[in-house]
Amino acid sequence: MPSSLEPLHQSRAWVERFVVALDVCPFARQEVERDRVRYVAVDATDTEQLLLTLVNECRYLDATPETETTLLVLIAGAEDFEHYLDCLALGEALLEAQGYDGTYQLASFHPDYVFDGTGPDDPANYTNRSPWPMLHILREASLEHALARFPHPERIPERNIARMRELGLDALMTRLEMLKRS
């Protein structure tokens, strides 16, 4: 297992030099510039510990409104995409069981992310591919507020897919590999 600093550094670089630079999430730039994104390394080999960390991070966000969002960076135990999806489902169920439904939601990112209905080599998958598996805890109220001010938010996924396909698989693979080495 790597030290937790390397995955956190690479994840921050991915947010800044991929997500923000390519405008994959039109709301990310402001939070990055304000330094309101928290990065937490989690060893996901112990599912119970992962879920405990998820709940504790929601409590942290409850108590710390100046932190907008948290990326839980899974540094071990979630390398297999199907297993990662199981962890994501458990996390979503836990948020609901803990009364966080409507307060927080999870966005998912993984190095091998594949959307239903696409092949593994479809550049569209890079909208959710990251150097490390991640669970992104989003404040629903902030998301709703941002979406209400954004013209045609329903077009964001289509725009991102078109952008990824325009960049092409080779360029995206190279970009992600470079981030892993930074």
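The values are calculated or read from the model by the stated rules, or taken from the named source; none is laboratory data. Everything quoted here is computed from the prediction, not taken from an experiment. A quick note on method: Cβ atoms are made from the backbone with ideal geometry, for glycine too, and the neighbour counts reach across all protein chains shown.
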Practice prompt. Determine whether region 115-123 contains at least one residue that is surrounded by 12 or more Cβ atoms within 10 Å (Cβ to Cβ) and over 18 Å from the mean Cα position of the chain (by Cα).
Written response: yes
Worksheet item: Counting only residues that are without any contact (Cβ under 8 Å) to a residue 40 or more places away in the chain and farther than 26 Å from GLU82 by Cα, how many does region 141-161 have?
Response: 12
Practice prompt. Test ALA107 against the criterion of being closer than 30 Å to MET164 by Cα and surrounded by fewer than 16 Cβ atoms within 10 Å (Cβ to Cβ), and give yes or no.
Written response: yes
Worksheet item: Which ones in region 123-159 are part of a helix (DSSP H, G or I) and either among the basic types (Lys, Arg) or at pLDDT 95 or above (or both)?
Response: PRO123, ALA124, ASN125, TYR126, THR127, ARG149, ARG155, ARG159
Response to the item:
How many residues of region 70-122 are assigned to a helix (DSSP H, G or I), in contact with a strand residue (DSSP E or B) (Cβ under 9 Å, 6 or more places away or on another chain) and touching a residue at least 40 places away in the same chain (Cβ under 8 Å)? The answer is 5
Discussion item. For region 1-43, give me the residue count where each residue is of a type in the set (A, V, I, L, M), out of contact with any helix residue (DSSP H, G or I) (no Cβ under 8 Å at 6 or more places or on another chain) and either at pLDDT 90 or above or outside any loop (DSSP other than H, G, I, E, B) (or both).
Written reply: 3
Worksheet item: Any chance region 53-69 includes a residue that's of a type in the set (S, T, N, Q), farther than 25 Å from PRO26 by Cβ, surrounded by 16 or more Cβ atoms within 10 Å (Cβ to Cβ) and at pLDDT 95 or above?
Response: yes
